[in-house]
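I have placed the structure first, in the form of structure tokens, so that the comments after it can refer back to it.
Any read-out appearing in this document is the output of simple, stated calculations on the displayed coordinates, not a laboratory observation. Since the structure is predicted, the reported quantities are computational estimates derived from the model, not experimental observations. With ideal geometry, Cβ positions are generated from the backbone for all residues, glycine too; neighbour counts draw on all protein chains shown.
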Amino acid sequence: MRASKVPAVTLGFWIIKIFATTLGETGGDTVSMTMNLGYLVGTGIFLTILFVLVGFQIAAKRFNPALYWLTIIASTTAGTTIADFATRSLGIGYTGGSALLLALVVMSLVVWWRTLGTISVNTVSEPRAELFYWATITFSQTLGTALGDWLADTNGLGYMGAALVFAAMLAGLAAVYRFTKADRVLIFWAAFILTRPLGAAVGDFLDKPLDHGGLAFSRPLASAVLAAAIVALILILPQRAGAHPGEQHP
């Protein structure tokens, strides 16, 4: 069996993932708001980049850390602009947008499971599994933006309040993983989904205006700092292809 083309799920993986999702929020807002290109144009730009990178990812013969994380960042920036377009420009609202995107995530996972018999990242070494993997990730990244905005704005918690709620949920999942025998694959996907609204809430806290509960940092500057931090983390933290937690390597 060919080796997985996605990284081993370690603490380092989750750290980089949270930084990447935060960058996705500030980067997406930089293009759509700061550069004033709008959500639809921003979505077109980031989806084009995402499709190209997924093509390279599928064509690759082995796990490539730089390519993998670039694709993750492309999916999370695309998720930001797609969610903002759906919830704001189309008028679906945060609640409707979150419900729709959650349904798409679940549908993607169900179709993946019914087609290949598993949704484990162990299978992400051949084109069909990779397409399902990146489709599910993109839906989850989009869902995360809508969820973050829904909890922060609709429920009045503010960006840091929402971030703390999602951080607490992730801590709860970590406890379930540590102290129970709950299905590791489902825990992985639940954690993967929850890291996105955490990053979205932190990103919004960094770049939203003071009167909206943010720190009003420059979006381009925040994005550049986050990108530099991700590069440093990729170089510092071990990066290797690996199996899903609790499963054997191929």
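Past 29 Å, Cα to Cα: identify those pairs from Lys61/Lys208; Lys181/Lys208; Lys17/Lys181, in the order given.
Lys61/Lys208; Lys181/Lys208
Report ³J(HN,Hα) in whole Hz for each residue of segment 81-93, in order, from the Karplus equation J = 6.51 cos²θ - 1.76 cosθ + 1.60 where θ = phi - 60°; Gly and Pro get x.
Values per residue, Gly and Pro as x: 6, 5, 4, 5, 5, 5, 7, 10, 6, 8, x, 5, x Hz.
Specify the residue with the greatest mean-square fluctuation among Leu23, Leu53, Leu147, computed from a Gaussian network of the chain linking alpha-carbon atoms under 10 Å apart.
Among Leu23, Leu53, Leu147, the largest GNM mean-square fluctuation belongs to Leu53.
Can you tell me the 0 to 90 degree angle between the C-alpha axis of helix 127-149 and the longest principal axis of the chain, rounded to 10?
The helix 127-149 is inclined about 30 degrees to the chain.
GNM, the chain, Cα, under 10 Å: largest mean-square fluctuation among Thr77, Thr22, Thr30?
Greatest mean-square fluctuation among the candidates belongs to Thr30.
Note down the nm distance, to one decimal, between modelled labels 7 Å out along Cα→Cβ at Leu186 and at Thr34.
Spacing of the two 7 Å Cα→Cβ label points: 4.1 nm.
Note the angle between two axes, namely the Cα long axis of helix 219-236 and the longest principal axis of the Cα atoms of the chain, as a number of degrees from 0 to 90, rounded to the nearest 10.
Roughly 20 degrees, rounded to the nearest 10.
By how many nm would the segment from Ala66 to Ala171 lengthen if fully extended, with 0.36 nm per residue of separation less the alpha-carbon distance?
Full extension from Ala66 to Ala171 adds 35.0 nm.
Give me the percent relative contact order of segment 161-250, please, defined on Cα pairs under 8 angstrom at least 6 residues apart.
In percent, rounded to a whole number, it is 24.
Take every Cα-Cα pair in segment 1-94 and report what % of them are more than 20 Å apart.
When every Cα pair of segment 1-94 is considered, 42 percent fall beyond 20 Å.
So what's the gap between the Cα centers of segment 11-69 and segment 96-174, to the nearest angstrom?
So the two Cα centres are separated by 15 Å.
To the nearest µm²/s, what D does Stokes-Einstein give for segment 183-238 at 20 °C and 1.002 mPa s, using the Kirkwood radius over alpha carbon pairs as Rh? Present the calculation step by step, with values, prior to reporting the outcome.
Details: Rh = 13.1 Å.
Diffusion coefficient, whole number: 163 µm²/s.
With contacts defined as alpha carbon pairs under 8 Å and 6 or more residues apart, what's the relative contact order of segment 11-236 in percent? Display every interim value, and only then the final one.
On the way: 307 pairs, mean separation 64.4, N = 226.
Relative contact order of segment 11-236: 29 percent.
With the chain treated as a Gaussian network of Cα nodes joined by springs under 10 Å, which of Ala60, Ala83, Ala20 yields the largest mean-square fluctuation?
Of Ala60, Ala83, Ala20, the Gaussian network model singles out Ala60 as fluctuating most.
On the first, second and third principal axes, largest extent first, how far apart are the outermost C-alpha atoms of segment 11-236 in Å?
Largest first, segment 11-236 extends 48, 39, 38 Å along its Cα principal axes.
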